[in-house]
Amino acid sequence: MRELIRINQPFLGKEEIDSVVDVLRSGVLTDKSGMGPRVLEFERSFAKFLGAKHAVALVNGTAALHAALLAADVGPGDEVILPSFKETYCLRLDSVEEALTRKTKAILPTDMYGLPADTSGFMDFAHGKGIVVIEDAAQAHGALLNGKKVGSIAEMTCFSFYAGKNMTTGEGGMVTTNDDEHAHALRMIRSHGEQRPYWTVRIGHNYHMTEVCAAIGHAQLKKLPAFLERRRKNAEIASEKLGMSGKLILPRELDGFKHSWYLYTVRLRGVNAAKRNKIVDRLWSKNIEAGVYYSSPVHSTPLYREGNVARRGRLPETEKASRQVFSLPVHPRVSDGDVEYIAETLRKTIS
């Protein structure tokens, strides 16, 4: 019986274990300012890897997004333009122009499934308008836009190190920026808004990353290029094996956009959610952990629908995509044989 091929899973080894043991033996598990020696080491290494001036470690990716919005002074009454599924599932400039109002304070493009959004285009568009571009790169560690690493382009870029991401700290997040003022604000926000110990000057939270998490992250960062190479190879095999199926829309990279292949997301042409879900269930029955990201678009969930948080009503293209997409495993633990099995099983299932 073939073992379950997981949609994503961490790839940890002796290096991570030894790093954690070193932290435990040191007795320094955290720091009251969120700037322990392992956190500082991880921040410096991550910023250098991306080509960013600053990296600020936080407790998770959600905290990274929240802190970035606070650092940009986004508050009550301000509007933030968020993405909707399109051809590449990323935010498009024409939709931003359509949604823009006098209240727009920030644009928040998301690098869906690991494919970069056109962040440079959004930066050009926002220039001189008093609008901050905050990139959600939770799935895009190591992705490239026109030869530059994601994390070095937007005013602030937010990463997640959740266990299933391209690299992990177990739970963790990071914001990168080239702006000194944003970096200063982020460091205060992650530590109760304190300018110095017990001297609070702005709204802040306890968003510290632990020393254990930072130690894991530093070890994982060294392995990230190899992880990305394996993900790319698996994606290429999947595309080769599935390319002749007229029933599937496969992921693709536009010129200048280099995917990190967090997920290999396909779309079934002309089906509803029930048909898509049957395909996913059949894959599961063959020990392939296919996943649906995301079956319920945020604007359609009760909080946003009933609370009138989202300004726009129905988004028909988003809703259609959410009924047709599903994702396949391409993470580094997936072998060539696994990818071939996944592709062959999917071809048979949809035929």
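The values are calculated or read from the model by the stated rules, or taken from the named source; none is laboratory data. None of these values were measured; they are calculated from a predicted model. All Cβ positions, glycine included, derive from the backbone under ideal geometry; neighbour counts span all protein chains shown. Only protein heavy atoms, including side chains, enter the accessible area calculation; ligands, DNA and RNA are left aside. Shrake-Rupley method; radii C 1.70, N 1.55, O 1.52, S 1.80 Å.
Listed residues THR88, THR104; which is β-branched (Val, Ile, Thr) and at pLDDT 95 or above?
THR104
Just wondering, is there one or more residues in the stretch 108-122 that are β-branched (Val, Ile, Thr) and modelled with pLDDT of 95 or more?
Yes: the stretch 108-122 contains one or more residues that are β-branched (Val, Ile, Thr) and modelled with pLDDT of 95 or more.
Please identify the pairs in which a residue from the stretch 145-164 that is at positive phi has its Cβ atom under 7 Å from the Cβ atom of a residue that is assigned to a strand (DSSP E or B) and surrounded by fewer than 23 Cβ atoms within 10 Å (Cβ to Cβ), counting only partners at least 6 apart or on another chain.
Between residues of the stretch 145-164 that are at positive phi and residues that are assigned to a strand (DSSP E or B) and surrounded by fewer than 23 Cβ atoms within 10 Å (Cβ to Cβ), there is no close pair.
Just to be sure before I move on: is SER245 open to solvent by 10 Å² or more (accessible area, probe 1.4 Å) and in contact with a Pro (Cβ under 9 Å, 6 or more places away or on another chain) in the structure I sent?
Judged against the criteria, SER245 is not a match.
Among (1) over 20 Å from the mean Cα position of the chain (by Cα); (2) modelled with pLDDT of 95 or more, where does ALA55 come up short?
(1)
Inspect all residues belonging to the stretch 260-270 and state whether any of them is surrounded by fewer than 16 Cβ atoms within 10 Å (Cβ to Cβ) and farther than 30 Å from GLU79 by Cβ.
yes
Determine which single condition LYS320 fails, assuming it passes every other condition in (1) at pLDDT 90 or above; (2) open to solvent by 30 Å² or more (accessible area, probe 1.4 Å); (3) within 29 Å of LEU145 (Cα to Cα); (4) outside any helix (DSSP H, G or I).
(4)
If you check every pair at least six apart or on different chains, which have Cβ atoms under 9 Å apart with a residue in the stretch 315-332 that is more than 30 Å from PHE227 (Cα to Cα) and touching a residue at least 60 places away in the same chain (Cβ under 8 Å) first and a residue that is surrounded by fewer than 20 Cβ atoms within 10 Å (Cβ to Cβ) and not β-branched (Val, Ile, Thr) second?
As it stands, the answer is LEU315/PRO297; LEU315/HIS299; LEU315/SER300; GLU317/LYS86; THR318/LYS86; THR318/PRO297; THR318/HIS299; THR318/SER300, since those pairs meet every condition given.
Out of (1) part of a loop (DSSP other than H, G, I, E, B); (2) under 24 Å from PHE11 (Cα atoms), the odd one out for GLY246 is which?
(2)
If you take the residues of the stretch 60-76 that are open to solvent by 50 Å² or more (accessible area, probe 1.4 Å) and in contact (Cβ under 8 Å) with a residue 60 or more places away in the chain, which of them is nearest to PHE42 (Cα to Cα)?
Result: THR62.
Among the candidates LYS348, LYS258, LYS320, single out the residue that is touching a strand residue (DSSP E or B) at 6+ places or on another chain (Cβ under 6 Å) and basic (Lys, Arg).
Only one candidate qualifies: LYS258.
Hey, can you tell me all the residues within the stretch 100-114 that are open to solvent by 10 Å² or more (accessible area, probe 1.4 Å) and hydrophobic (A, V, I, L, M, F, W, C)?
Within the stretch 100-114, LEU100, LEU108, MET112 qualify.
Using the structure shown, decide if GLU79 is open to solvent by less than 30 Å² (accessible area, probe 1.4 Å) and of a type outside the set (A, V, I, L, M, F, W, C).
The answer is no for GLU79.
Write out, first by first residue and then by second, each pair whose Cβ atoms fall under 8 Å of each other, whose residues are 6+ apart or on separate chains, and whose first residue, in the stretch 286-308, is over 30 Å from ILE5 (Cβ atoms) while the second is part of a loop (DSSP other than H, G, I, E, B) and open to solvent by 70 Å² or more (accessible area, probe 1.4 Å).
Partner pairs satisfying both residue conditions: HIS299/ARG312; LEU303/VAL309.
Of the conditions (1) out of contact with any Lys or Arg (no Cβ under 8 Å at 6 or more places or on another chain); (2) of a type outside the set (Val, Ile, Thr); (3) at pLDDT 95 or above; (4) surrounded by fewer than 19 Cβ atoms within 10 Å (Cβ to Cβ), ASN178 fails just one. Which one is it?
(1)
Enumerate the pairs (first residue in the stretch 263-285 and within 22 Å of HIS331 (Cβ to Cβ) and modelled with pLDDT of 95 or more; second residue anywhere and open to solvent by 60 Å² or more (accessible area, probe 1.4 Å) and not basic (Lys, Arg)) with beta-carbon separation below 6 Å, excluding pairs fewer than 6 apart on the same chain, so at least 6 apart or on different chains.
Matching pairs, first to second residue: ARG267/ILE249.
Any residue at all in the stretch 140-157 that is buried (at least 24 other Cβ atoms within 10 Å of the Cβ), touching a helix residue (DSSP H, G or I) at 6+ places or on another chain (Cβ under 8 Å) and of a type in the set (Asp, Glu)?
No, that holds for no residue.
Quick check: is even one residue across the stretch 233-240 in contact with a strand residue (DSSP E or B) (Cβ under 6 Å, 6 or more places away or on another chain), in contact (Cβ under 8 Å) with a residue 24 or more places away in the chain and either open to solvent by less than 70 Å² (accessible area, probe 1.4 Å) or over 24 Å from SER322 (Cα atoms) (or both)?
yes
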